[in-house]
1. Taking the full set of protein chains and a 1.4 angstrom probe, give the accessible area of Tyr414 in square angstrom, rounded to the nearest 10.
2. Give the angle, between 0 and 90 degrees and rounded to the nearest 10, that separates the Cα long axis of helix 3-27 from the longest principal axis of the Cα atoms of the chain.
3. What do you reckon, how do His102, His341 stack up by accessible area (1.4 Å probe), largest on top?
4. Report Ser281's accessible area, 1.4 Å probe, all protein chains in place, as a number in Å² to the nearest 10.
5. Any chance you could look up the accessible area of Phe152 with a 1.4 Å probe, heavy atoms only, rounded to 10 Å²?
6. Under 1.5 on a/c is rounded, so check that first for segment 421-491, then, if it is not, pick prolate when a/b is larger than b/c and oblate when it is not; a ≥ b ≥ c are the square roots of the alpha carbon gyration tensor eigenvalues.
7. Note down the nm distance, to one decimal, between modelled labels 7 Å out along Cα→Cβ at Asn88 and at Tyr275.
8. What angle, in degrees between 0 and 90 and rounded to the nearest 10, separates the Cα long axis of helix 241-252 from the longest principal axis of the Cα atoms of the chain?
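The values are calculated or read from the model by the stated rules, or taken from the named source; none is laboratory data. Since we're looking at a predicted model, the values are computed, not measured. Note that each Cβ is placed from the backbone with ideal geometry, even for glycine, and that neighbours are counted across all protein chains shown. What goes into the accessible areas is simple: the full protein's heavy atoms, side chains included, and nothing from ligands, DNA or RNA. Shrake-Rupley method; radii C 1.70, N 1.55, O 1.52, S 1.80 Å.
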Amino acid sequence: MNHSAKMAQTLRLLLAFLAIGSCIASDNIDLWPMPKTVSHGTQKLYIKKDITMSMVGSTYSDEKSILKDAFQRMVDLITLNHVIDGMNPTSMVLTCVNVVVHTPDDELNFGADESYNLTVPTTGDPLYAQIEAQTVFGALHGLQTFGQLCYFDFTSRLIELNSAPWIITDTPRFPYRGLLIDTARHYLPVKIIKGVIDAMTYSKLNVLHWHIVDEQSFPIEIPSYPKLWNGSYSYSERYTMSDAIDIVRYAERRGVNVLAEIDVPGHARSWGVGYPSLWPSDSCREPLDVSKNFTFEVIDGILSDFSKVFKFKFAHLGGDEVNTSCWTTTPHIEGWLNNNHMNVSDAYRDFVLRSQKIAISHGYDIINWEETFNNFGDKLDHKTVVHNWLGEDVAPKVVAAGLRCIVSNQDKWYLDHLDASWEGFYMNEPLKGINDTKQQQLVIGGEVCMWGEEIDASDIEQTIWPRAAAAAERLWTPTEKLANDTRLVTSRLARFRCLLNQRGVAAAPLAGYGRASPAEPGPCVRQ
């Protein structure tokens, strides 16, 4: 961005703060994303240094310590690594958070009830907050919200909670609130992936779409076909199956599903490094060879291995940007097409549909990029979820055809577009152009996409945040609570961005675009 444009962006942000910052601050609702309903008072509470969690009235046993561990993480977060060495006061001290979960199940399934109620009273002896939820995963969201109410006070040297009493009822607008990461264009270490998952939970995103492999590299171990990861960039830039299990378990304990993608038949040149027969020819290496049963045996092996690790309801099979010229310029494939009375369009459709059947046989519903719908939507399996990315006019057509849809239109929700502002992320409406209530229900949610061509472990966080958080509120918060003017949320998002920084997430300033730097010295919320 040139200097004048950067200055204009900074001035615009400053004017927004001056115009509305004070009224937001005075209302003391700095939560992100904004809950469904919120009411609060004016009193200050202190958080006991050794605050505890109880589960009185809960039917959930927490045998896996999902809640216990989440509570400890929350306590660690609210201290922000400060030393809590103030003297505990004798009154207005919150001593406990009681968590009531009404169902014993702790399997993270798509569509699980994520609602919760949070109350923070100002009367009682002892004084305790209460989170009530149908599932443990709703309770996790309640803990995240409670953590945002707390802050370290430099005068008392204690954790304080302002504007009590609080009464919050909350539930997500969409069941699918996703973030894509791409480990094929640049390798992302396991620790970085876990850091992304942690940051997702702070803004209540719940699906990590792991675009694991692509034409450039194949970094994951596939026991059924162990030479596939010969296509990795290097010996050290790989994930074992145990790594994948570890990432999935880490995510599930935080209420995040992991969606695994193998993109077929295009974007698959790296597969042939270990198994060259998957290439149409040595000089023409993608899409995958449609004429060989071996191709589909490999896909079956991958999905069979995936089904033991990735327990999410969906598998993503890609299907985008398929250049079929290799099929017409390779003699044995051209002969196969002629023998089967197919043209390349028929073969593309046949490849996608055959892959879908394999995924279904392993218990998955399927997600495909929108080109499959644009080319042969009426032939797709009814379990298909169409992943929109090219433009905003596709989702209405998908749901009108009776199929489910995920919205990721690239002009608004692609994080690798560094000229895309957080305002655009916030204002992008997944239901635009869809007025029928039943059709609206077929839009299961949306996803922001962090494609990896120009990011790696060094800059992924500042490229994702805070723009992904702007989209997260669109996906979580009911429409009547969403702002029609981004100036009305600037101050609140700026505070959330600063909270991310304090928690160790390298979120970029709001002023500017993707990966912006602070323009000048000043407080965090003015950047």
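1. 10 Å²
2. That works out to roughly 50 degrees.
3. Working: His102 75, His341 165 Å².
So, going from the largest accessible area down, we get His341, His102.
4. 40 Å²
5. Number for this one is 20 Å².
6. It is oblate, given that a/c is not under 1.5 and a/b is not larger than b/c.
7. 6.1 nm
8. Approximately 40 degrees, to the nearest ten.
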